[in-house]
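Data first, discussion second: the structure below is written as structure tokens.
The values are calculated or read from the model by the stated rules, or taken from the named source; none is laboratory data. These figures come from a predicted structure and were not determined experimentally. Ideal geometry is used to build each Cβ from the backbone, glycine not excepted, and the neighbour counts take in all protein chains shown.
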Amino acid sequence: MGLLDGKVAIVTGAGRGIGREEALLLASEGAKVIVNDVGAGLHGEGGADAHPADEVVSLIKKNGGEAAVNGDDISSWEGGRNVVTQAIDTFGALDILVNNAGILRDKMSFNMDESDWDDVIRVHLKGHFAPTHHAAVYWRNRAKAGEEVTGRIINTSSEAGLFGNAGQANYGAAKAGIAALTWILARELGRYGVTANAIAPRARTRMTENLFGEMAKAGDDGAFDAWDPKNIANLVAFLAAPESADVNGQIFVVFGGNVYAMSAFQPVGQVTRDSAWTPQELIDAKGELFKGIDSGVPKFSFF
């Protein structure tokens with residue numbers, strides 16, 4: 001018996017890396033999986049592979065599971081609708097949506113082209129919202145018809161979005177948007193039996209090779225591999241499980257064997273009175289406002 005027996009899942013960007021491991025693990029836990037991937041390169045260019053999702057589907061079927069390939073561009077409205085429709089038409093339902101697909105176009109803000117900004121925002125942020133919109137319509141309609149719904153949305157944010165990272169204005173802005181989107185979806189869809197959570201993963205993928213270099217390479221000494229994408233998939237399966245119905249609107253940083261539940265923005269300092277502050281008065285009160293904290297740019301990450 002698997003945690004997800006009888007469930008139907010979509011995993012976007014599931015041809016490689018984290019998405020691949022998520023699809024394989026969800027299937028091993030009993031879910032029927034739509035494996036979405038457009039076969040694009042790291043920077044979103046086409047033609048790198050025809051359908052990298054084929055191998056993932058073959059592995060799932062070889063291990064006794066059920067899966068199907070979807071090659072739609074989920075950053076388009078039509079593509080988002082198609083992948084949801086395929087899940088329902090092929091397997092009769094949709095229970096889990098894992099939004100994972102993304103690309104990189106890292107540049108400093110003063111070197112970034114308009115297309116670098118537009119493409120990354122489109123693939124990450126719209127690529128999360130388009131399939132989510134169509135899944136939400138499906139789940140809401142079922143709930144309003146009196147059916148029991150146990151929908152799960154699992155989004156992929158990043159520490160670049162939670163803390164900011166130089167050279168990733170487009171990527172970080174998209175990932176911060178995904179965190180906000182997750183909170184909003186949790187508030188909107190909870191009444192219909194749907195949860196929405198997000199992960200901010202550290203793992204060895206095509207995206208992290210240039211960010212973390214030697215640290216992200218696999219060791220050959222048999223020790224625990226903290227960078228293995230399988231570590232991320234375990235958290236996703238947990239969030240997808242029926243037992244996690246009480247986990248909603250949460251953001252998790254996950255790396256190796258470490259899982260951190262992150263809080264939303266909280267005040268870290270304040271000055272308060274019953275009248276407005278003048279600019280000079282705020283200058284004078286700056287020490288109190290930032291009492292106990294640094295007034296400079298917050299550090300990246302917390303490791």
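Key figures for this structure:
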| quantity | calculated |
| --- | --- |
| Output for region 82-125, where each listed residue is in contact with a Ser or Thr (Cβ under 6 Å, 6 or more places away or on another chain) and among the polar types (S, T, N, Q) | N99, N100 |
| Verdict on G19 being of a type outside the set (F, W, Y) and either at pLDDT below 95 or over 25 Å from D106 (Cα atoms) (or both) | no |
| Residues that are touching a residue at least 40 places away in the same chain (Cβ under 8 Å) and within 21 Å of T85 (Cβ to Cβ), drawn from region 146-169 | V149, T150, G151, R152, I153, I154, N155 |
| Cβ pairs under 6 Å, 6+ apart, first in region 93-120 and polar (S, T, N, Q), second assigned to a loop (DSSP other than H, G, I, E, B) and surrounded by fewer than 18 Cβ atoms within 10 Å (Cβ to Cβ) | none |
| Residue in region 295-303 that is touching a Phe, Trp or Tyr at 6+ places or on another chain (Cβ under 7 Å), surrounded by 10 or more Cβ atoms within 10 Å (Cβ to Cβ) and among the polar types (S, T, N, Q) present | yes |
| Pair list, Cβ < 9 Å and 6+ apart or interchain, from region 126-145 residues that are under 12 Å from V98 (Cα atoms) to residues that are basic (K, R) | P131/R81 |
| Residue match in region 175-189 (condition: outside any helix (DSSP H, G or I) and polar (S, T, N, Q)) | no |
| Some residue of region 157-169 being in contact with a Ser or Thr (Cβ under 9 Å, 6 or more places away or on another chain) and either of a type in the set (K, R) or closer than 19 Å to K7 by Cα (or both) | no |
| Filter result for I121 (β-branched (V, I, T), within 20 Å of L239 (Cβ to Cβ) and not in a loop (DSSP other than H, G, I, E, B)) | no |
| Matching residues, region 140-171, being closer than 20 Å to A233 by Cα and part of a strand (DSSP E or B) | G151, R152, I153, I154, N155, T156 |
| Selection from region 86-107 of residues that are of a type in the set (D, E, K, R) and either closer than 20 Å to F238 by Cα or under 18 Å from the mean Cα position of the chain (by Cα) (or both) | D95, R105 |
| Number of the exception - N234 against (1) more than 19 Å from the chain's Cα centre (by Cα); (2) of a type outside the set (A, V, I, L, M, F, W, C); (3) surrounded by 13 or more Cβ atoms within 10 Å (Cβ to Cβ) | (1) |
| Options S28, S115: the member that is farther than 24 Å from N234 by Cα, out of contact with any strand residue (DSSP E or B) (no Cβ under 9 Å at 6 or more places or on another chain) and small (G, A, S) | S115 |
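Residue-by-condition table, conditions (1) more than 18 Å from A240 (Cα to Cα); (2) surrounded by fewer than 18 Cβ atoms within 10 Å (Cβ to Cβ):
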site: N141; (1), (2): yes, yes
site: R152; (1), (2): no, no
site: Y171; (1), (2): yes, no
site: A179; (1), (2): no, no
